[in-house]
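In what follows, a structure is listed as structure tokens, so that the remarks can point back to it.
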Amino acid sequence: KAGVTQTPRYLIKTRGQQVTLSCSPISGHRSVSWYQQTPGQGLQFLFEYFSETQRNKGNFPGRFSGRQFSNSRSEMNVSTLELGDSALYLCASTRGGGGELFFGEGSRLTVL
Amino acid sequence: AQSVSQHNHHVILSEAASLELGCNYSYGGTVNLFWYVQYPGQHLQLLLKYFSGDPLVKGIKGFEAEFIKSKFSFNLRKPSVQWSDTAEYFCAVGWEVTGTASKLTFGTGTRLQVTL
């Protein structure tokens with residue numbers, strides 16, 4: 001079956017702009033989580049959505065937000081981009097009852 | 001705060017050497033434990049996981065890990081590494097107190113380089 005699909009794979013933005021990233025989970029998976037990966041901080045949890053509701057949130061500013069649609073697809077948005085937001089943003093899905101996370105290949109965001 | 005420590009940042013081994021990567025987490029309670037691997041240019045993949053039961057778990061590609069509750073550790077091992085094991089390895093922990101098993105705290109990763 002198809003894996004977790006993230007779009008776009010690469011994007012370049014300038015400071016102050018906003019960006020929206022998309023994630024399509026594995027069919028049948030109802031939980032979608034987002035992580036930020038940087039060389040300095042490693043992988044950090046952003047938030048998790050399950051059945052269109054945010055179930056958990058990491059320690060990121062309010063500029064980072066997300067949502068999940070009825071088909072389990074998810075988007076995350078970062079507003080007022082800062083240089084430090086440059087990172088690989090990873091989406092992961094799971095059925096929802098725990099278990100392993102299946103990761104996508106990520107969206108690499110560069111902020112200039 | 002919950003934290004995960006991987007003590008080895010960069011490991012270089014010759015083929016056929018044995019591997020042990022350390023992973024410790026900050027405190028107890030009920031935990032789910034994972035090792036993920038990221039091969040060059042590829043996405044994160046699960047190597048193995050521990051939820052409960054036998055503390056010695058076996059994963060893919062000959063990897064295994066041992067959960068030692070008293071030491072808050074979940075070390076990864078492989079008796080004989082291959083060149084194709086060159087990758088970055090991440091330990092991850094999910095605490096049930098967080099309310100969701102999907103909120104994982106990752107270690108900073110260990111870059112393994114296997115030489116021929």
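Data overview
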{"item": "Qualifying residue in region B:102-116 (condition: within 11 Å of chain A (Cβ to nearest Cβ) and more than 14 Å from the chain's Cα centre (by Cα))", "result": "yes"}
{"item": "Selection within region B:66-98 - touching a Pro at 6+ places or on another chain (Cβ under 9 Å) and not aromatic (Phe, Trp, Tyr)", "result": "B:66, B:68, B:69, B:86, B:87, B:88"}
{"item": "Residue B:95, sole failed condition from (1) buried (at least 20 other Cβ atoms within 10 Å of the Cβ); (2) modelled with pLDDT of 95 or more", "result": "(2)"}
{"item": "Hits in region A:76-112 - residues which are touching a helix residue (DSSP H, G or I) at 6+ places or on another chain (Cβ under 8 Å) and crowded, with 21+ Cβ neighbours inside 10 Å", "result": "A:78"}
{"item": "Strands (runs of 3 or more DSSP E) wholly inside region A:1-87 that include at least 1 residues being aromatic (Phe, Trp, Tyr) and more than 14 Å from chain B (Cβ to nearest Cβ)", "result": "A:64-68"}
{"item": "Long-range neighbours under 8 Å by Cβ, at least six apart or interchain, first residue more than 15 Å from residue B:92 (Cα to Cα) within region B:65-80, second assigned to a helix (DSSP H, G or I) and open to solvent by 60 Å² or more (accessible area, probe 1.4 Å)", "result": "B:78/B:61"}
{"item": "Answer residue from region B:41-92, given it is surrounded by fewer than 18 Cβ atoms within 10 Å (Cβ to Cβ) and among the aromatic types (Phe, Trp, Tyr) and is nearest to the other protein chains (Cβ to nearest Cβ) among those", "result": "B:51"}
{"item": "Any hit, region A:101-110, residues being at the interface with chain B (Cβ under 8 Å from one of its Cβ atoms) and over 14 Å from the mean Cα position of the chain (by Cα)", "result": "no"}
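The values are calculated or read from the model by the stated rules, or taken from the named source; none is laboratory data. Here the structure is a predicted model, which is why all the values come from computation and not from measurement. As a convention, Cβ positions derive from the backbone with ideal geometry for all residues, glycine included, and neighbour counts pool all protein chains shown. All accessible areas refer to the heavy atoms of the entire protein, side chains included, with ligands and DNA or RNA removed. Shrake-Rupley method; radii C 1.70, N 1.55, O 1.52, S 1.80 Å.
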